Structures are given as C-alpha cells and as structure tokens.
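Input: a single structure, listed below in structure tokens.
The values are calculated or read from the model by the stated rules, or taken from the named source; none is laboratory data. All values derive from a computational prediction rather than experimental measurement. No Cβ is skipped: glycine too gets one built from the backbone with ideal geometry, and neighbour counts run over all protein chains shown.
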Amino acid sequence: MAENASVTLTCPAPLTASDTVLLGHGSGGTLSASLLREIFLPAFDNPALARLDDQAIVGVNGVRLAFTTDSFVVKPLFFPGGNIGSLAVNGTINDLAVGGATPLFLSAAFIVEEGLSMDVLRRVVRSMRSAAATAGVPIVTGDTKVVEKGKGDGLFINTSGLGIVGRETDLSANQARPGDKVLLSGTIGQHGIAILAQREGLGFATTLESDSAPLHTLAAAILERTSEVRCMRDPTRGGLSSALNEIAAQSHVGMELVEQAIPVQQEVRGACELLGLDPLYVANEGKLVAIVGPSGAEQALAALRAHPLGREAQIIGTVTEAHPGLVALRTALGTSRIVDMLTGDQLPRIC
Amino acid sequence: MKYVDEYRDPQLAHRLRDAIAARVTRPWVLMEICGGQTHTLVRYGIDQLIPPSLELVHGPGCPVCVTPVELIDKAIALAARPEVILCSYGDMLRVPGSGSDLLRAKALGGDVRAVYSPLEALQQARAHPERHVVFFAVGFETTAPANAATVWQARREGLVNFSLLVAHLLVPPAIRALLASPRNSVQGFIAPGHVCTVTGYHQYEALSREFRVPFVVGGFEPLDLLEAILMLISQLEEGRAEVENQYVRSATRDGNREAQRRMSEIFEVCDREWRGLGAIPHSGLRLRDGLAPWDAEKIFALEGRSSKEPAGCISAEVLRGIRKPMDCPEFGRRCTPEAPLGAPMVSSEGACSAYYHYRRHLAG
C-alpha cells in the first residue's frame with residue numbers, strides 16, 4: 001500500500017449495458033426488471049401491460065377477464081414436493097389468484113428435448129392432470145414441440161391461464177398506501193432450498209419439500225372477509241424481498257418489516273446459513289403476500305389462518321411514507337437495514 | 001437455531017451495547033479487517049448500537065475486492081478456451097476485469113461453473129478427463145489450506161487435468177502496510193477470526209508491539225463483534241496494546257498446524273498486487289516450483305498483462321478505511337451492484353455492497 005500507489009488506484013469501467021443475455025436476466029430481480037423496462041415494455045406498450053401485475057385484467061363485453069402466462073424450466077424436473085408439471089399448473093393458477101381472479105381454464109405447451117424418456121413425460125403429465133383436478137381448473141388447450149438432442153434440457157413447459165374477476169375487485173401493486181399492513185401466509189424459502197438440495201455437488205440432504213400449492217382458495221378467502229385488500233403477490237423467483245420491492249416501487253411507498261415476525265423454518269434457516277443465502281431472497285411456490293388497509297388487516301389475518309395453506313400467517317410489517325421505493329427491516333437487535341431486490345442470480349432455474 | 005441464535009441474542013447484545021457505552025470516554029477509530037465482519041456490522045446495524053464517538057472503518061479483507069484485475073483477466077481468458085472448465089466461487093463471477101467479467105464469458109459460451117468448494121472442482125476434473133479444470137483460487141489464509149489440499153490430492157491421484165489459478169493473499173503484510181502509511185488513522189483492529197483459526201494469532205503480536213496498537217481476534221456474529229469492540233476499547237481506554245482473543249471457540253494462538261503444514265507444502269510466499277491498494281511485498285501465495293503441472297499460469301503460459309483501470313471510484317480509500325462507501329459521489333448512482341464501478345460494490349463481502357444492500361434508506 002505504498003502512498004504513491006493510492007493516487008493512481010482506481011477501478012474498472014462499469015459493465016452496465018450488456019450486449020448478451022445473462023442468467024441473471026431471468027432471476028426475477030433487478031436484471032429482469034431492466035429487461036422489462038428496456039426491451040419488452042417499450043415494444044408492447046399498452047394499458048393492461050403497464051400495470052405490471054402478475055396477470056393482465058382486460059374487459060370483454062362487460063366481463064373482466066384475468067389473463068396470464070408463465071414458462072417453467074426448473075432443474076431437476078422432479079423434486080421433493082412436486083415436479084415441473086405440478087409447478088406449471090399451480091404457478092399459473094397463482095398468478096391469476098393474486099389478481100383476485102377465479103381461475104377458469106389453463107393451456108399447456110411442451111417443449112421436449114429429443115431423447116426424453118416417455119416415462120418421465122407421462123409422470124409429468126399425470127401430475128399436471130392431478131394438480132389441475134385438485135384445483136378444479138381444466139387444461140383445455142395445448143401444444144407440443146420437440147427440439148434436437150442437446151438443444152433443450154429435457155423438458156420446458158409453458159402454461160397460460162384465464163380467469164374471471166369480480167366487478168368490485170381491483171387489486172394492483174400500485175395501490176399500497178402508508179399505514180397498510182403487510183401480510184404473509186406462511187414460512188418462506190422451502191421451494192428454493194428443496195430444489196437446491198437436489199442439485200449435484202452441494203452434498204447436503206434435507207427433508208424439506210417444495211411448498212408448491214394452488215393459492216386461489218386462500219386468496220378468495222381473504223377477499224371474502226375484507227374489502228381492504230390493496231394487492232396480493234405470490235413471491236416466487238426473487239423471493240419475498242423482490243415481491244415487496246416491486247410493490248413499494250410501483251406504489252411509491254416504503255415498507256418497514258419486523259424481522260422476528262417473518263416465519264422461516266429451521267431447516268431453511270440452517271441451509272441458508274451454510275450456503276450464504278438469505279431466506280428473504282429464496283423462492284416460494286405456495287405463499288401469498290397481501291397488502292391490506294389497517295382496518296381490514298386483522299380480518300385478513302384471521303381468514304388466512306383459517307385456511308390450511310395459511311395457518312402460519314403473520315402480519316410482517318407496515319407500509320410507510322418514509323423512504324419510498326425501499327423496503328426496510330427492523331432487526332431483532334432493534335437496528336434497521338434495507339431488504340433489497342435480488343441482484344444478479346441467487347439460484348438459477350428454480351421454476 | 002442452535003449455535004446461531006445464541007450469538008444474536010437481543011438482550012445480550014443490548015447488555016454489551018450498554019457496557020461499551022459505559023467504557024468509552026473519548027473518540028476511537030477501529031477497523032474490522034475482514035469483509036465478513038463488515039457485513040455482519042452493517043447487516044445487523046451494530047454501528048447503530050455503539051456510541052457515535054466510536055468510528056468503525058472497514059478493512060481490506062474482502063478477497064474478491066482485492067484480487068488484481070490482471071488475474072481476473074487471466075481467468076476470463078482461460079474460460080474462453082474450449083478445453084477449459086473454469087470453476088470459481090460465485091462471488092468472483094461478477095467482478096469486472098479490465099473489459100469483461102466471468103458471467104459474460106459464460107454467456108459467450110465459456111464453461112464457467114460456480115462451486116461452493118474447491119473439492120467440487122476436483123470432482124469435475126475426475127468426471128471430465130477430456131477437459132481441463134481450472135479452479136480460481138482466491139482468498140486469504142482461510143481458503144488457502146483447502147485449495148492446497150486439492151493440489152495435494154491431484155498430485156496423489158496423478159490427476160493431470162486439474163490446476164489452480166492462484167490469487168491468494170496474506171493479511172498481516174497488508175495490515176503492516178496500512179499501519180505504516182502516514183495517512184493511517186486506525187487505533188485498534190478487530191483481527192479476522194477465520195484467518196487466525198488457520199494461522200494462529202501470534203502473527204499479529206509483532207505488529208501490535210511494533211506499532212503500539214491493540215488487536216482483538218473477533219468472530220462473525222453480532223455478539224462476537226460487540227464483545228470484540230468492548231475488548232478493544234477497554235485496551236485503548238487503559239492504554240494497553242496487546243493481542244487478545246474474543247473468538248475463543250475457533251481461533252487459538254498457534255492455529256491449525258496441519259492446515260499450515262499443508263499450505264506451506266504446496267504454496268510459497270510471493271509479492272502480490274492488491275486491487276485498489278497496490279503492490280505489497282510478501283503479501284501473497286503462489287504454487288511452489290515443483291508443482292508446475294497444477295499451476296494454470298504455467299500450463300497455459302499466461303502472460304502477465306498490465307491491465308489498465310480507468311478512474312471512477314474511491315475504492316482504494318474505502319479499502320484502506322480512509323473513506324466510507326457513502327462518501328463516494330457515485331455510490332448508488334452510477335455505481336450499483338449490477339453496474340459496479342469497483343469491486344467493493346460487487347462482492348457479498350465488499351463494504352460498498354454492504355452499505356448498498358442494507359443502508360441506503362439512511363443515506364442523507
């Protein structure tokens with residue numbers, strides 16, 4: 001550290017704009033957001049899209065339809081608590097559910113790599129049938145494409161969903177207001193850690209299962225109990241932190257979470273400690289976040305807890321006027337820190 | 001969670017906070033050397049708990065931040081070779097070299113794999129005999145023994161398609177350089193607990209005597225750091241300058257002899273360039289001469305290119321504890337974790353990244 005060195009010590013030029021797509025562009029974090037902002041939104045600009053919710057709400061002959069689509073590239077195809085097929089059904093149902101929609105119909109499109117075992121395909125399809133039947137949402141149309149060996153990774157699935165939204169329901173991520181409460185339906189991080197444990201090379205075993213589940217009856221239960229719900233999200237890729245950051249940004253509000261109120265299973269905490277991950281950023285596939293006006297929060301919490309998927313629900317924080325666009329966390333020590341959006345890619349291909 | 005919650009107990013933390021407040025009579029400047037400690041301090045807001053007269057400055061102990069650009073460029077060049085599988089800790093992938101980073105090298109077709117352990121890299125070499133696996137061996141004395149073990153094992157197995165690109169750095173020479181600098185303002189150090197677990201803390205005794213400065217070997221949990229701060233200011237208030245150990249559950253005076261033996265069997269001390277800090281004599285490790293078959297720099301005849309870094313950030317001063325991340329005019333504006341101007345914004349152990357992720361809402 002010679003003194004003369006310090007004068008010339010500098011850092012490299014920023015690698016801002018990327019002329020290639022990076023894995024992080026699919027992370028659901030800040031890189032994904034920049035892809036939306038810079039490529040997709042300018043190209044497809046329209047009012048339904050501009051709401052940036054998990055589903056588009058469009059009016060057709062006086063009926064309000066919710067419409068959504070999602071692609072699934074999870075690796076491995078089978079994991080404790082589910083597989084790519086059940087995930088594809090539940091994931092799209094959840095994107096409809098958090099818009100307050102009653103899911104009606106699904107589509108399923110398969111991109112299959114040449115050489116995939118027919119048995120694997122059968123098992124995935126059976127699991128989709130079963131998930132769709134459990135949720136009461138039929139798969140009514142579909143498509144199949146096969147790509148050459150080495151040009152895919154076994155199986156990718158796209159599902160789209162159509163639902164119907166009540167006239168009085170109007171949920172959107174831009175409606176959070178200071179004083180609102182932040183509700184979470186249960187423990188976070190199981191899906192991401194269950195997938196991670198299956199990946200080669202990590203050498204740790206866990207009994208954790210993915211929390212993959214359809215959330216439409218849970219969402220409906222809250223909406224029945226109170227009209228104070230501003231918006232709902234299912235915090236998948238990017239975890240709880242990214243879902244809350246999106247709401248904070250779109251509503252131009254801040255949030256203050258209480259660390260001790262956020263439920264995390266011991267196994268998830270342990271795995272995160274070992275691997276240097278933060279449960280707030282780890283993916284979920286069966287959790288609901290709701291922003292609810294203060295007078296409806298207790299009712300919403302009761303509705304969540306009365307449902308089998310929401311027994312461990314908690315009020316985890318409050319929407320604030322302070323630091324708009326940023327989510328802060330009150331730690332167990334009484335200090336304060338930011339809960340940022342996921343940057344880069346914590347864990348690729350978890351859904 | 002057992003063995004974690006005990007070290008994050010709010011009541012004990014507040015008791016230590018009160019003890020620190022009662023002990024301090026005047027301003028002191030303390031430095032935590034290790035980036036892992038920096039992150040704990042900022043993540044848990046330890047600096048919000050201690051009296052404002054205590055200043056915590058962040059040390060150069062983030063290996064990702066101080067790995068020289070030249071070696072990152074070499075790793076990128078290796079990743080571009082079709083026969084090479086480049087394995088690295090995930091943190092290194094986003095650190096910019098002079099023109100690119102390893103994530104971009106991967107996007108352009110390079111076979112870059114993030115691993116949690118060097119043994120995974122060794123496993124890749126066994127699984128892919130037709131390829132050559134290079135492990136990017138970054139880090140301080142903490143990671144050096146495990147990396148040494150891979151070469152030791154590869155030699156034993158006769159595994160010839162495995163090598164290390166060595167960027168190892170040693171902590172005490174950097175602390176010496178920092179103390180010797182006329183701009184140094186640090187009055188007491190929290191020594192890196194995991195480095196000391198390997199090397200022992202006797203290495204810091206000479207520094208403490210020579211510069212009349214106290215060291216406390218500290219752990220990485222909130223209570224570890226609060227206790228280390230209490231021990232450090234007790235020394236300062238009493239006019240003592242000794243090496244004390246807070247991290248007794250891991251670090252000892254002599255350290256891990258077996259790890260040290262393995263390290264010195266495989267590595268030898270060399271001069272090293274530190275990113276942001278410049279050249280520091282005897283501050284690095286390289287593979288011993290007889291181990292050329294596992295030395296990526298020798299196998300691939302990588303030229304030592306001088307990589308120019310255009311001006312832009314104050315990371316040099318941040319790494320030396322002279323300035324804080326939020327003093328930088330580019331902090332959170334032109335410099336963010338996605339578009340880092342400097343390595344401290346990239347690494348999960350970097351001071352700028354810690355402030356960006358945990359502290360932006362308190363910015364003026």
* Which residues, counting only those in the stretch B:149-162, are in contact (Cβ under 8 Å) with a residue 40 or more places away in the chain and either within 19 Å of B:S88 (Cβ to Cβ) or assigned to a strand (DSSP E or B) (or both)? -> B:A149, B:V151, B:A154, B:F162
* Can you confirm whether the stretch B:83-94 contains a residue that is crowded, with 24+ Cβ neighbours inside 10 Å, at the interface with another protein chain (Cβ under 9 Å from one of its Cβ atoms) and among the hydrophobic types (A, V, I, L, M, F, W, C)? => yes
* Out of all the residues in the stretch B:214-223, is one or more at pLDDT 95 or above, closer than 28 Å to B:D289 by Cβ and touching a Ser or Thr at 6+ places or on another chain (Cβ under 9 Å)? -> no
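Condition check ((1) free of Cβ contacts under 8 Å to residues at least 60 places away in the same chain; (2) farther than 30 Å from B:A137 by Cα; (3) within 14 Å of another protein chain (Cβ to nearest Cβ)) across all residues:
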| position | (1), (2), (3) |
| --- | --- |
| B:V216 | yes, no, no |
| B:M231 | yes, yes, no |
| B:R272 | no, no, yes |
| B:G276 | no, no, yes |
* To do: Test B:A206 against the criterion of being surrounded by fewer than 20 Cβ atoms within 10 Å (Cβ to Cβ), touching a Ser or Thr at 6+ places or on another chain (Cβ under 9 Å) and more than 13 Å from B:C34 (Cβ to Cβ), and give yes or no.
  => no
* Would you mind finding the one in B:L108, B:L78, B:L56, B:L41 that is closer than 22 Å to B:S163 by Cα and outside the structural domain of B:H357 (by TED's automatic domain parsing)? => B:L78
* If you go through the stretch B:151-191 one residue at a time, how many are within 14 Å of another protein chain (Cβ to nearest Cβ) and of a type in the set (K, R)? -> 2
* Asked: Can you name every residue in the stretch B:1-29 that is under 18 Å from A:L274 (Cα atoms) and within 12 Å of chain A (Cβ to nearest Cβ)?
  -> B:M1, B:K2, B:Y3, B:V4, B:D5, B:Y7, B:R8
* Asked: From the list B:A19, B:A75, which residue is in contact (Cβ under 8 Å) with a residue 60 or more places away in the chain, among the small types (G, A, S), surrounded by 23 or more Cβ atoms within 10 Å (Cβ to Cβ) and out of contact with any Asp or Glu (no Cβ under 8 Å at 6 or more places or on another chain)?
  -> B:A75
* Asked: Within the stretch A:293-329, how many residues are touching a strand residue (DSSP E or B) at 6+ places or on another chain (Cβ under 7 Å) and closer than 14 Å to A:A261 by Cα?
  -> 9
* Name the residues in the stretch B:30-62 that are more than 12 Å from chain A (Cβ to nearest Cβ) and out of contact with any Gly (no Cβ under 8 Å at 6 or more places or on another chain), would you? -> B:P51, B:P52, B:S53, B:L54, B:E55, B:L56
* Asked: Yes or no: B:V243 modelled with pLDDT of 95 or more, under 15 Å from B:G218 (Cβ atoms) and touching a Lys or Arg at 6+ places or on another chain (Cβ under 9 Å)?
  -> yes
* Name the strands (runs of 3 or more DSSP E) wholly within the stretch A:73-185 that hold at least 2 residues that are closer than 15 Å to A:Q55 by Cβ? -> A:101-113, A:155-165
* **Single residue of the stretch A:110-122 satisfying the filter (out of contact with any Asp or Glu (no Cβ under 8 Å at 6 or more places or on another chain) and surrounded by 15 or more Cβ atoms within 10 Å (Cβ to Cβ)) that is farthest from A:L215 (Cα to Cα)** => A:L116
* **Residues satisfying the stated conditions in the stretch B:100-117, i.e. facing chain A (nearest Cβ under 7 Å) and over 24 Å from the mean Cα position of the chain (by Cα)** => B:A107, B:L108
* Asked: Given the structure, is B:V346 more than 9 Å from chain A (Cβ to nearest Cβ), at pLDDT below 80 and in contact with a His (Cβ under 8 Å, 6 or more places away or on another chain)?
  -> no
* To do: List the helices (runs of 4 or more DSSP H) that sit entirely inside the stretch B:1-73 and contain at least 2 residues that are under 24 Å from the mean Cα position of the chain (by Cα) and of a type in the set (A, V, I, L, M).
  => B:35-43, B:63-66
* Single residue of the stretch B:74-113 satisfying the filter (in a loop (DSSP other than H, G, I, E, B) and hydrophobic (A, V, I, L, M, F, W, C)) that is nearest to B:T336 (Cα to Cα) -> B:V95
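Yes or no, residue by residue, for (1) assigned by TED's automatic domain parsing to the domain that holds A:I188; (2) closer than 30 Å to A:N83 by Cα; (3) free of Cβ contacts under 8 Å to residues at least 24 places away in the same chain; (4) of a type in the set (V, I, T):
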| position | (1), (2), (3), (4) |
| --- | --- |
| A:E224 | yes, no, no, no |
| A:L240 | yes, yes, no, no |
| A:N245 | yes, yes, no, no |
| A:A248 | yes, no, no, no |
| A:Q260 | yes, no, no, no |
| A:V268 | yes, yes, no, yes |
| A:E298 | yes, no, yes, no |
| A:A302 | yes, no, no, no |
| A:R311 | yes, yes, no, no |
* Asked: What number of residues within the stretch A:148-177 satisfy the criterion of being in contact with a strand residue (DSSP E or B) (Cβ under 6 Å, 6 or more places away or on another chain) and loosely packed, with under 13 Cβ neighbours inside 10 Å?
  -> 0
